[in-house]
Amino acid sequence: MSSASCAHAILRVATPRRGARAVSRCGQVPAANAVLHPTHRANRKACALSFRTSGFVHGEGAISLRARVSPNRRSASVVQAEATSASPSAVPEPKKGKKAFLWAWWKFLRPHTIRGTILGTTAVVTCALMENPAAINWGLLPRALLGLLALLCGNGYIVGINQIYDEDIDKVNKPYLPVAAGELTKLQGSVLCALMALGGLTIVYYKFVPLILQLYAFGLFLGTIYSVPPLRLKQFAVPAFLIIAIVRGFLLNFGVYHATRAALGLGFQWSPQITFITCFVMMFATAIAITKDLPDIEGDKLYNIETFATKFGPRAISFLGAGLLMVNYIGAITAALVMKGMFNTPLMVGAHAALAAGLVWATARLDRAEYTQGAIQDFYAFIWNLFYSEYFLLPFL
């Protein structure tokens, strides 16, 4: 089959929706979205097509079409055609107006990270209050809410600055994000990031002790060097996961617990639950940092971003991430059995055994699905659900 034959395949774009993965006879193209021209149907076995649908949200995104010639024709081994945007009828211009801007800002904040921040903060504060019920002062509630707002501002700054400097990569990996989709300009994103960073720093400066301000500024600094040139440490696998582990694992848990005790007029001291969750989440954040790049292999390779996923492939990295989490769960069960009296042993053992079983199931499901883009995205979402579950458990451990 000639390279021209593959290139003449006709794509019919159906109503776009995220996660549409029905497989056609060609083997990889979603059946609802692509068919071969009748004159080329006889050659469909020699033509492998891949059609990325994950970016199509409300008609937005990019089409990536690859046509590979049969290995029998080594003189023309690969033909690649890419369209970074669909026709005007398939990909409408970004909507304008106040509501559209607010929706774009919400997506800019990456809601799944917001949930993690809110759950983590709430769980750690609840632990501090349950340890010292006599010190509870409801007059501190506005201050606590301001502290949460500061954390959300910091979270928004870090994920936002990453989108600004990842615009080209996101057009390949995550074309539904607002900067990549054209719903926010880089200037608008930069202004939003500056306002969030300044707002967060102002709140912490006026409402919390100097140590918390220093930790907060350090977190913003790490988020900046992760994404912004010339350092842009996300290009390097080890520094990238260390930054995520420190920010999400140590700074959040230690900082919130310290700030809560200081607000209650108490000196800092580690509790078994906070020590546990800090160690647990640092390991968990490392697993998230490793597996978060699984859906992004294509764009990362295109822009020479070195990640464990691009270096070792999706199967090895999914097993590595699952292995790290399994070590976490085994450690939690062991701690509950060895350190009797420090934890709620039945809950800690039973819950972590159940979560570990769920992890095994999700990893096996991904392997059976042969690491398709949709299966990888489902696996990564499941890991975040495991993360949320840990903070739900924390106050009762």
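The values are calculated or read from the model by the stated rules, or taken from the named source; none is laboratory data. Keep in mind the model is a prediction, meaning the values are calculated, not measured. Glycine gets a Cβ as well: all are built from the backbone with ideal geometry, and neighbour counts include every protein chain shown. What goes into the accessible areas is simple: the full protein's heavy atoms, side chains included, and nothing from ligands, DNA or RNA. Shrake-Rupley method; radii C 1.70, N 1.55, O 1.52, S 1.80 Å.
Data for the structure
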read-out	value
In the range 202-211, the residues that are open to solvent by 60 Å² or more (accessible area, probe 1.4 Å) and in contact with a helix residue (DSSP H, G or I) (Cβ under 8 Å, 6 or more places away or on another chain)	Tyr205, Lys207, Leu211
Total residues in the range 122-141, condition under 10 Å from Val256 (Cβ atoms), touching a helix residue (DSSP H, G or I) at 6+ places or on another chain (Cβ under 7 Å) and open to solvent by 50 Å² or more (accessible area, probe 1.4 Å)	0
Residue in the range 351-358 that is closer than 22 Å to Pro395 by Cβ and not in a helix (DSSP H, G or I) present	no
Pair list, Cβ < 8 Å and 6+ apart or interchain, from the range 108-133 residues that are among the small types (Gly, Ala, Ser) to residues that are open to solvent by 20 Å² or more (accessible area, probe 1.4 Å) and outside any helix (DSSP H, G or I)	Ala128/Leu264
Within the range 361-380, considering residues that are without any contact (Cβ under 8 Å) to a residue 12 or more places away in the chain and open to solvent by 50 Å² or more (accessible area, probe 1.4 Å), the one farthest from Asp296 (Cα to Cα)	Trp361
Output for the range 307-334, where each listed residue is open to solvent by 20 Å² or more (accessible area, probe 1.4 Å), hydrophobic (A, V, I, L, M, F, W, C) and more than 22 Å from the chain's Cα centre (by Cα)	Ile330, Ile333
Filter result (crowded, with 21+ Cβ neighbours inside 10 Å, out of contact with any Ser or Thr (no Cβ under 8 Å at 6 or more places or on another chain) and under 20 Å from Phe101 (Cβ atoms)) within the range 151-173	Cys153, Gly156, Tyr157, Gly160, Gln163, Asp170
Long-range neighbours under 7 Å by Cβ, at least six apart or interchain, first residue at pLDDT below 90 within the range 299-326, second part of a loop (DSSP other than H, G, I, E, B) and open to solvent by 50 Å² or more (accessible area, probe 1.4 Å)	Glu306/Phe236
Test: residue in the range 227-247 that is assigned to a helix (DSSP H, G or I), among the hydroxyl-bearing types (Ser, Thr, Tyr) and closer than 12 Å to Gly154 by Cα	no
Test: residue in the range 142-152 that is at pLDDT 95 or above, assigned to a helix (DSSP H, G or I) and more than 25 Å from Pro395 (Cα to Cα)	no
Residue tally, condition in contact with a Gly (Cβ under 8 Å, 6 or more places away or on another chain), closer than 30 Å to Pro142 by Cα and small (Gly, Ala, Ser), over the range 264-314	1
Residue that is nearest to Leu386 (Cα to Cα) [pool: residues in the range 286-311 that are among the basic types (Lys, Arg) and not in a loop (DSSP other than H, G, I, E, B)]	Lys311
Residue in the range 360-376 that is within 20 Å of Thr275 (Cβ to Cβ) and more than 21 Å from the chain's Cα centre (by Cα) present	no
Residue identified as surrounded by fewer than 23 Cβ atoms within 10 Å (Cβ to Cβ) and under 18 Å from Leu215 (Cα atoms) among Leu119, Leu148	Leu148
Among (1) among the aliphatic types (A, V, I, L, M); (2) assigned to a helix (DSSP H, G or I); (3) buried (at least 19 other Cβ atoms within 10 Å of the Cβ), the one test that Leu184 misses	(2)
Close pairs (7 angstrom Cβ cut-off, 6 or more residues apart or separate chains): over 16 Å from Ile246 (Cβ atoms) in the range 271-282, of a type in the set (Gly, Ala, Ser) and buried (at least 18 other Cβ atoms within 10 Å of the Cβ) anywhere	Phe276/Ala335
Filter pass, Phe284 being open to solvent by less than 20 Å² (accessible area, probe 1.4 Å), more than 27 Å from Leu195 (Cα to Cα) and modelled with pLDDT of 95 or more	yes
Qualifying positions in the range 381-397 - open to solvent by 20 Å² or more (accessible area, probe 1.4 Å) and more than 17 Å from the chain's Cα centre (by Cα)	Phe392, Leu393, Pro395, Phe396
Residue match in the range 212-224 (condition: closer than 30 Å to Glu370 by Cβ and either open to solvent by less than 50 Å² (accessible area, probe 1.4 Å) or assigned to a helix (DSSP H, G or I) (or both))	no
